[in-house]
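The values are calculated or read from the model by the stated rules, or taken from the named source; none is laboratory data. Keep in mind the model is a prediction, meaning the values are calculated, not measured. Cβ placement follows ideal geometry from the backbone for every residue including glycine, while neighbour counts extend to all protein chains displayed.
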Amino acid sequence: MAIPINKIQTENLLKLATYASVGTALLLISAKTVAYWHTDSVSILASLIDSLMDAGASLINLLAVYYALSPPDKEHRYGHGKAESVAGLAQATFIAGSGVYLIVHSVERLLNPQPIMALDIGLWVMGFSIVATTILMFFQHHVIRQTQSTAIRADALHYKTDLLTNVAIIAALLLSQIGWLGIDPLFALGIAAYVLYSSWQIGSAAFHDLIDHELPDEKRKQIMQIAKSQQGVLGVHDLRTRLSGRTEYIQMHLELPDELSLIQAHIIADGVEKAIKRAFPTADIVIHQDPISTVNLDRVPVTGKNG
């Protein structure tokens, strides 16, 4: 479970994660360029292209995170959090483009197989890439647990693809040395397929955030349980949720006894808000108070998807 951190710590973690991502991508590009130059391996070329996409996506992330961290202003009263989802969608486009290029180049090499040279350089570079990517991913997952950042989550998924790619390339390099020349482009085709699948995952998640998709069912159920467990609350309906950046937007109607004064109703609603805030520290919560006699309980079951 993540330990709650304050806003300044969150911003510093996000910025540090983007710097680490860009730096790692540039380092891997340099190493893989050397490896491809010496080996002429299409698998290593696949990994090099993936790292080039990593660098471009990470730069987009860096800009998006800085923009998303900007406080709300007159033109953006809900803040700038969706910039992270836009960055995720841009990453998906980058990744899909690299996957298509890999397919074209791999088919060409499959039809015209060539021996791989300087195997030792290729293996050393791929091993170094695995170590560097693993270290970055550990840090990224720490940041995700603390901040729930959509942009960093997309970046981490991209580097997961890179890590699996590097492992596959080592296998391809070793197998090519025992006469399986066609294995190099075949592995590259497999990598391309996984790259396209990853782009779909990243793009789908970002798209859902941009169109104000509801929070996952388990989170909605948790919110309902918290609200209904507070003293004085007779029921809850019309729960609406969405995500923007790291902020969950939560709206609901509380069903309260008719005889409560406005002050008493406000105290109960305030207690519900504080309880939800403890579970969702970054949430923006709006609660409407309904006298129980005015509520038509038959219209929406309080435990349903829209309840």
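State all residues of region 32-47 that are surrounded by 19 or more Cβ atoms within 10 Å (Cβ to Cβ) and hydrophobic (A, V, I, L, M, F, W, C); if no residue qualifies, say none.
Ala35, Val42, Ile44, Leu45, Ala46, listed by residue number.
This table checks each residue for (1) over 22 Å from Ile169 (Cα atoms); (2) in contact (Cβ under 8 Å) with a residue 24 or more places away in the chain; (3) in the same structural domain as Ile144 (by TED's automatic domain parsing).
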position	(1), (2), (3)
Ala25	no, yes, yes
Thr33	no, no, yes
Ile44	no, yes, yes
Ser51	no, yes, yes
Leu63	yes, yes, yes
Pro72	yes, no, yes
His76	yes, no, yes
Ala87	yes, yes, yes
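From Thr39, Thr18, which residue is among the polar types (S, T, N, Q), modelled with pLDDT of 75 or more and closer than 24 Å to Leu210 by Cβ?
Thr18
Tell me the residue from Ser199, Ser149 that is crowded, with 20+ Cβ neighbours inside 10 Å, within 20 Å of Tyr19 (Cα to Cα) and polar (S, T, N, Q), please.
After ruling out the rest, the residue left standing is Ser149.
Specify which of the listed residues (Ile211, Ile223) is without any contact (Cβ under 8 Å) to a residue 24 or more places away in the chain and either of a type in the set (Val, Ile, Thr) or at positive phi (or both).
Among Ile211, Ile223, only Ile211 is without any contact (Cβ under 8 Å) to a residue 24 or more places away in the chain and either of a type in the set (Val, Ile, Thr) or at positive phi (or both).
Just to verify a result, which residue in region 241-293, among those that are among the basic types (Lys, Arg) and surrounded by fewer than 16 Cβ atoms within 10 Å (Cβ to Cβ), is farthest from the chain's Cα centre (by Cα)?
For region 241-293, the residue satisfying everything is Lys274.
From Ser244, Ser198, Ser261, Ser229, which residue is in the same structural domain as His105 (by TED's automatic domain parsing) and hydroxyl-bearing (Ser, Thr, Tyr)?
Checking each option against the conditions leaves just Ser198.
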